[in-house]
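Chemist: Dropping the structure in here first, questions after.
Only the coordinates and a few stated rules stand behind these numbers; no lab work does. Just so you know, these numbers come straight off a predicted model, no measurement behind them. Every residue, glycine as well, gets a Cβ built from its backbone with ideal geometry; the counts of neighbours run over all protein chains shown.
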């Protein structure tokens, strides 16, 4: 049965989330982050558990008290069991949201798949924060999404009205003490923009007074048929594309 023919299996999704809730928390070992921990539903060892009689929240340390950990996990599991898909998604620590999506994508209807993927992409700043998804996976998720669901109505109208050949831009800002990636790596990206001004912003947004290098702006052309989506929120005029179809790539400075 195809995704289009089936409904979202919310019970299966809840079971995935509940299994994640019962994972053991792990302390974060990075310097300066000793207070934090890694768990799908919290990044702090101090969590609230409602009192069974007054329902007032009691703060407990789940790293020091195994009994409190199990009570908190049970509380999270019960909350999941009465929550919608999007409620469960936003209950998760952002670092685990993509992992959750990878595990549940097969349980999603066409509508929910497209809407949730839009949420994931647009809140991630063009995939820049992705660590568990490859570029190939991201492209496949865009292709599986229904365009007029993936995009808001206004964005879908803009998408349909794009010219047959589209000019796109991408800005890359040097980071202090870090080498600038190669042109091949900089342009091998899904996220571009229709606006040169937006590209200039991205090419200069991290500039410091001590930085002597200039930001880079790439300009290229692509056929409309090769564009996967357009997102106008955040005023970024974002174009999603497969970089292998870019033509006439040129390079300038901001």
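Chemist: If I take R0 = 41 Å and measure r between the Cβ atoms of residue 51 and residue 146 in this structure, what FRET efficiency does the formula 1/(1 + (r/R0)^6) give, to the nearest 0.05? Walk me through the intermediate numbers first.
Modeler: Numbers: r = 45 Å, r/R0 = 1.11.
Once rounded, the FRET efficiency stands at 0.35.
Chemist: Once you compute Rg and the Kirkwood Rh from C-alpha atoms, what is the Rg to Rh ratio for the chain? Write down the numbers at each step before the final one.
Modeler: Working: Rg = 21.7 Å, Rh = 20.8 Å.
Expressed as Rg/Rh, it is 1.04.
Chemist: How are the alpha carbon pair distances in the range 145-211 distributed across 10 Å bins from zero to the largest one, expressed in percent?
Modeler: Values per bin, smallest distances first: 17, 37, 29, 14, 3.
Chemist: Tell me what the chain gives for mean residue ellipticity at 222 nm when only DSSP H runs of n ≥ 4 count, each as -39,500 (n - 2.57), the sum divided by the residue total, rounded to 500 deg cm²/dmol. Numbers along the way, then the final one.
Modeler: On the way: 10 runs with 94 residues, N = 254.
Counting only the DSSP helices, I get -10500 deg cm²/dmol.
Chemist: Relative to the present Cα-Cα distance, how much length would full extension add between residue 212 and residue 102 at 0.36 nm per residue of separation? Each step should come with its number before you reach the end.
Modeler: Numbers: separation 110, 0.36 × 110 = 39.60 nm, distance 4.13 nm.
Length difference between fully extended and current span is 35.5 nm.
Chemist: Now for a different question. Remind me, relative contact order of the chain in percent, using alpha carbon pairs under 8 angstrom and six or more residues apart? Before the final figure, lay out the partial values.
Modeler: Details: 363 pairs, mean separation 38.6, N = 254.
This gives 15 percent for the chain.
Chemist: OK, next. What area, in nm² and to one decimal, does the C-alpha convex hull of the range 3-108 cast on average over all directions? Could you put the intermediate results ahead of the total?
Modeler: Numbers: hull surface 29.4 nm².
Convex hull of Cα atoms, orientation-averaged projection: 7.4 nm².
Chemist: If you don't mind, another one. Using a Förster distance of 25 Å, how high is the FRET efficiency between residue 74 and residue 12, based on the Cβ-Cβ distance and rounded to 0.05? Spell out each step's value before the answer.
Modeler: Numbers: r = 20 Å, r/R0 = 0.81.
Efficiency, rounded to the nearest 0.05: 0.80.
Chemist: Given a cut-off of under 8 Å on Cα pairs at least six residues apart, what relative contact order in percent is computed for the range 154-253? Display every interim value, and only then the final one.
Modeler: Values: 186 pairs, mean separation 35.9, N = 100.
That works out to 36 percent.
Chemist: Please report Rg (one decimal) and Dmax (integer) in Å for the Cα set of the range 154-253.
Modeler: Just the Cα atoms of the range 154-253 yield Rg and Dmax of 13.9, 44 Å.
Chemist: Shifting gears a bit: So for the pair residue 29, residue 160, with labels modelled 7 Å out along Cα→Cβ, what separation do we get in nm?
Modeler: Placing both labels 7 Å along Cα→Cβ, they lie 5.4 nm apart.
Chemist: Assuming 0.36 nm per residue, please report the length gained on full extension of the stretch residue 59 to residue 226 beyond their Cα-Cα distance.
Modeler: Working: separation 167, 0.36 × 167 = 60.12 nm, distance 5.20 nm.
Roughly 54.9 nm would be gained on extension.
Chemist: Quick check: the angle from helix 110-122's long axis to the longest principal axis of the chain, C-alpha only, nearest 10 degrees?
Modeler: Long axis of 110-122 versus the principal axis of the chain: about 70 degrees.
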